[in-house]
Amino acid sequence: MMQLINNWQQTYRDIESKPLSNRLQNLLLVMVILVVLSVRLVTINTPSIKWTAWKEIDYLYISHNYWKQGFDFLHPEVGWPAEPPRVTEMEIPLVPFTAALFYKMFGFNAYTVRAVTFLAFLLMMIYTFKLAKREIGTFAGIVASFVAGVLPLHHPFGKFLFTEPSMIAMSVVTLYYFAEWVDHERRKDWFLAFLALTLTIALKLEGLYLFLPIAWVAFRKYGWEIKRYKNLMILIALALVLPIIWYRYAYYLENTGAHLFGIFKGHDKSQTLSMLSNIRWYRTMAGRIINGILGGYYGTALLVVGLIVAAWLRKSGLFFAYLAAVVIYFALVAEGNIDAPYRQLPIIPSISVFVAFGAQALVALGISIFRNIRRSYVNNKNYHSTVWACLVLILIIPLLNYRIIFAQDNPWHWDRWGWAREIDKYADNQSELIVVGEYSKHVGGYDLSPVLYYYSNLQGWSLTPVDWNMAKIDSLRKKGATLFVVVPPYSDPTAVNYRPEKSPNLLIEELMLKHRVLYADQGFIILDLDLSKNN
């Protein structure tokens, strides 16, 4: 057994240390990128943008309004509210603004809508390769790049237009250029690290978790020589200027605008302990990582093996720090992470390296067992087959999930698509809705969903319980509301943070005395608010 372990360890190191020619490096990188991007292009319109998910709908509204209303960068507007203000607080809106530029140049379609995310994952693959190559070696860089491209393919939010993919890509760019600057002190690397870091944090506040791997890289170089951290402090201080300016402006918008994204007043950031003391939080997060990120137990097994190998051989300290930073972010923003699966996507770059380690370890083990090799087995002649073997092991992950990747095109929210079709029967282009129930309640506030409005192509008002009264209904009817819609309450027995809301039954009973019922089935109700028709 000890001989097998020794053979495996030597084979693993031989694989890792063997150089690749620049030509072969480029060929392999281009190949793995083309494989991933080809699948992305084939599946880019699934689901179709006409019935896409709630997260992308927000960005579709904002990007479309930029396109049609003159590209006023400082005024990101949603489209579904029936009256102003429609300007909404959000992270710096580079993603919807860039998407709008694509619409102007190439038209509005699934390719232009999702081009920003397409390019973000391409950038992430390239810089995962570059970062893994500089920290570990070319072999690990090639395989990790392939993993980073494969894992988002079966994720439910892996192709949508929203900010996280761009933030994740810029995170990897930041770490690469920061590590380059610390080691070589080139001005170009300092500037690119600064630019990438400021964009990362401006795109999403959770990008602050990069401070942990950044600190690890700096400490690896400078140790306890405090004076040598001066330029690092300058870089971080300057990188925070743009995010501080933008988020102060976003706070202003949150207090004066539509208040939809809830950057500051959405989720309750103080309930970390209550979330982390609930076993369902861990079950939900584990399920999302295993199934949504790693593609099932096979990908998870590769990750576990890779983590063990990396720890045993004391490899990849930067990626351990990167992974730890993301896990800490998961815990600190516990409710936000349980609320939305897309918030787990930032773990992909760090675990890609460990999944690559797992594949490499299995290939080395296979060589050691079945070929009874000598230490010189890995040579120029058969090294290429070793690379291909690792890539094939990674390719198994999407092959096991091909039904998800190549899923049939269907409405993301099938119930709301059906409800929107019912609304269409009674609505025209002038109709405006009052909607009760189209939100989810959190300890920290409410998420107002745009789905029903987007699917029905109408505007309206979504009411939280504080406005469930006849006076409010009458005031909105005078402003043009024509249909009152009741959506069945959100219910998810696996969720931790959603709580049952009080019933609107009393309001509905009062309204039904004055207004005609157009449709009622299983909790979904449409009332006609036009008194002239009711009389």
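Antiparallel DSSP bridges in the chain: what percent, to the nearest 5?
Of all bridge pairs located within the chain, approximately 60 percent are antiparallel.
To test your reading of the geometry: what angle, between 0 and 90 degrees and rounded to tens, separates the Cα axis of helix 297-312 from the longest principal axis of the chain?
The answer is roughly 50 degrees.
Run the numbers for Leu332 and Asn278: contour at 0.36 nm per residue of separation, minus the present Cα-Cα distance, in nm.
Between Leu332 and Asn278, full extension yields 18.0 nm more.
Roughly how tilted is helix 138-150, in degrees to the nearest 10 and between 0 and 90, from the longest Cα axis of the chain?
Around 20 degrees separate the two axes.
Cut-off is 10 Å between beta-carbons; in what order do Tyr453, Tyr176, Tyr426 appear when sorted fewest neighbours first?
Fewest-to-most Cβ neighbours within 10 Å comes out as Tyr426, Tyr176, Tyr453.
Amide H neighbours of Glu432 under 5 Å, at least 5 residues apart or on other chains, H built in the peptide plane: list them.
Thr482, Leu483
List the residues whose amide H sits under 5 Å from the amide H of Ser462, counting only those 5 or more places along or on another chain, with H placed 1.01 Å from N in the peptide plane.
Val435
Quick one: longest stretch of the chain between exposed loop GluC sites (Glu not before Pro), exposed meaning at most 11 other C-beta atoms within 10 Å and loop per DSSP?
226-535
Using only DSSP helix segments of four residues or longer, with each worth -39500 (n - 2.57), what per-residue ellipticity at 222 nm results for the chain after dividing by its residue count and rounding to 500?
After summing the helix terms and dividing by residue count, I get -19000 deg cm²/dmol.
Where does the chain land on Rg/Rh, using Cα atoms and the Kirkwood Rh?
1.02
Could you give each residue of the stretch 388-404 its phi-based ³J(HN,Hα) in whole Hz, using Karplus coefficients 6.51, -1.76, 1.60 with θ = phi - 60°, and x for Gly or Pro?
Karplus-based 3J(HN,Hα) across the stretch 388-404 equals 4, 4, 5, 5, 5, 4, 6, 4, 4, 4, x, 5, 5, 10, 5, 5, 7 Hz.
Using a Förster distance of 56 Å, how high is the FRET efficiency between Glu510 and Lys227, based on the Cβ-Cβ distance and rounded to 0.05?
Calculated transfer efficiency: 0.20.
Assuming R0 = 41 Å, what is the FRET efficiency of Leu208 and Met470, from their Cβ-Cβ distance, to the nearest 0.05?
That gives a FRET efficiency of 0.35.
Can you list residues whose amide H is under 5 Å from Arg516's amide H, if they're 5+ apart or on another chain and H is modeled 1.01 Å from N?
Placed amide hydrogens put Asp528 under 5 Å from Arg516.
How much length would be gained if the chain were fully extended between Asp415 and Ile245, taking 0.36 nm per residue of separation minus their Cα-Cα distance, in nm to one decimal?
Once the chain is fully extended between Asp415 and Ile245, it gains 57.1 nm.
Give a residue-ordered list of calculated ³J(HN,Hα) values for the stretch 417-425 (Karplus: 6.51 cos²θ - 1.76 cosθ + 1.60, θ = phi - 60°; whole Hz; x for Gly, Pro).
Each residue's phi maps through the Karplus curve to give 5, x, 5, 4, 5, 5, 4, 4, 5 Hz.
Which of the residue pairs Lys104/Lys479; Lys55/Lys133; Lys68/Lys478; Lys188/Lys315; Lys227/Lys315 have a Cα-Cα distance greater than 32 Å in the structure shown?
Beyond 32 Å: Lys104/Lys479; Lys55/Lys133.
By how many degrees, 0 to 90 and rounded to 10, does the Cα axis of helix 348-370 deviate from the longest principal axis of the chain?
Its long axis makes an angle of about 40 degrees.
For the pair Val304 and Phe219, what calculated FRET efficiency results from E = 1/(1 + (r/R0)^6), where r is the Cβ-Cβ distance and R0 = 25 Å, to the nearest 0.05?
Given R0 = 25 Å and the Cβ-Cβ separation, E is 0.35.
With each pseudo-label sitting 7 Å past Cα toward Cβ, what's the Thr256-Leu238 distance in nm, one decimal?
Distance between the two pseudo-spin positions: 3.1 nm.
With +1 on each Lys and Arg Cβ and -1 on each Asp and Glu Cβ, how big is the dipole of the stretch 2-405 about its Cα centre, in debye rounded to the nearest 20?
1280
Residue separation times 0.36 nm, minus the C-alpha to C-alpha distance between Leu94 and Ala520: what's the value?
Contour length minus the Cα-Cα distance gives 149.1 nm.
Relative contact order, percent, of the stretch 2-405 when contacts are C-alpha pairs under 8 Å separated by at least 6 residues?
23
Only the coordinates and a few stated rules stand behind these numbers; no lab work does. What you see is a predicted model; the values in this text were computed from it and never measured. Reconstructed Cβ throughout: ideal geometry from the backbone, glycine too, with neighbour counts over all protein chains shown.
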